[in-house]
1. Separation of segment 58-127 and segment 151-209 by C-alpha centroid, Å?
2. Equivalent-ellipsoid semi-axes (√(5λ), Cα gyration tensor) for segment 223-268, whole Å, largest first?
3. Which ³J(HN,Hα) values in Hz, rounded to whole numbers, follow from the phi angles of segment 169-176 under the Karplus curve 6.51 cos²θ - 1.76 cosθ + 1.60, where θ = phi - 60° and Gly and Pro get x?
4. Give me D for segment 57-147 in µm² s⁻¹, whole number, from Stokes-Einstein with Rh from the Kirkwood sum over alpha-carbon pairs, 25 °C and 0.890 mPa s.
5. Give me a comma-separated list of calculated 3J(HN,Hα) values for segment 63-79, in order, Karplus coefficients 6.51, -1.76, 1.60 applied at θ = phi - 60°, integers in Hz, x for any Gly or Pro.
6. Using the C-alpha atoms of segment 164-292, what convex hull volume per residue, in cubic angstrom, is computed?
7. Each residue of segment 48-57 in turn: what ³J(HN,Hα) in whole Hz from Karplus with 6.51, -1.76, 1.60 and θ = phi - 60°, glycine and Pro shown as x?
8. Kirkwood Rh and Cα-based Rg: tell me the resulting Rg over Rh for segment 238-289, rounded to two decimals.
Amino acid sequence: MIQLYIPLNFLGVLYREIKQSLADMEKLFTLLDQNKEIADKENAPVLQLHGHASPDVEFHQVNFSYEEKRQILFDVDFKIAAGTTTAVVGHSGSGKSTLSRLLFRFYDIQSGSIQIAGQNIMDINQHSLRQAIGIVPQDTVLFNDTIGYNIAYGQPGATHEEVVAVAKAAYIHDFIESLPDGYDTMVGERGLKLSGGEKQRVAIARTLLKNPVVMIFDEATSALDSKSEQMIQAQLKQIAKSRTSLVIAHRLSTIVDAQQILVMDKGRIIERGTHPELMAMAGAYSQMWERQQHHGDGSLSADDA
Ligand code: ATP
């Protein structure tokens, strides 16, 4: 009973905290800093960027399972060169989001290694790792607070000018100015409800304020209207510029310019290359692309994504 009680109690506390204050996946990860399974080694050094604006990210022969007996990733091996964008596509459940969870060290891998700027993420201080990585999640849950607070969240010292600057860069400033109370407008469950595209722009502004050297963009599964989609695309390019980026993509149209595209199937990378290279292979990617064209709106069906 006692053995059962401890983890259940921990989960209960965690669940309540998440329900009350979860802003996004990053917050969840921060809460899980308390997860003692993912512990810092004694005197773990902070991540060193050696003066580089953006670091290489490498997965070396990564094998991973959430639970014993069910392996999720098999010998996953790829490198995102500093300052470039790698996109991951594949059917639902193929392991795309798992890659981002592992890069953030939400879980430890069973074998292989994940390195940032040549440093194994299991050897460095977790806080410094998470400071280096910004996540734009699929669905951003907002705090019941002002929209200004929601953008500044995570960067307590941010000035109003800085918040406005990132809101402009995320193309949400004009919208905020049009609200009755501007940056002081209450949002969230008990305030103004924002659309999916607006929420994602808040998440982008928040990430810009954090100014991370590595970016993870988890594209929303549900299609946005085409104007929002185009805006998000423009912003994505802007924040990916000069940053090492991993894009979990559900719509192939959003990633044609990526320097590298990985196609995942059942936990393995089955194809890799640029969009033209993958099209020339006439394999899984080009089939997905053809199917997407038939949808007309550039989106994949849930089954295809
Ligand atoms: P989608 O496109 O639907 O988001 P995905 O390719 O991102 O899917 P993942 O979320 O990486 O897929 O999941 C890969 C596999 O791992 C799935 O089979 C899923 O059921 C399993 N999985 C994900 N999270 C957990 C977890 N916390 N515990 C156990 N299994 C999990």
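No value in this document is a laboratory result; all are computed from the given coordinates. Here the structure is a predicted model, which means the values were calculated and not measured.
1. 31
2. Whole-Å semi-axes of the equivalent ellipsoid: 20, 15, 8.
3. 5, 8, 6, 10, 4, 4, 4, 4
4. 168
5. Whole-Hz 3J(HN,Hα) from phi for segment 63-79: 10, 8, 9, 6, 10, 4, 6, 10, 6, 9, 10, 10, 6, 6, 9, 7, 10.
6. 128
7. Those phi angles translate into 9, 9, 6, x, 7, 5, 9, x, 5, 10 Hz.
8. 0.96
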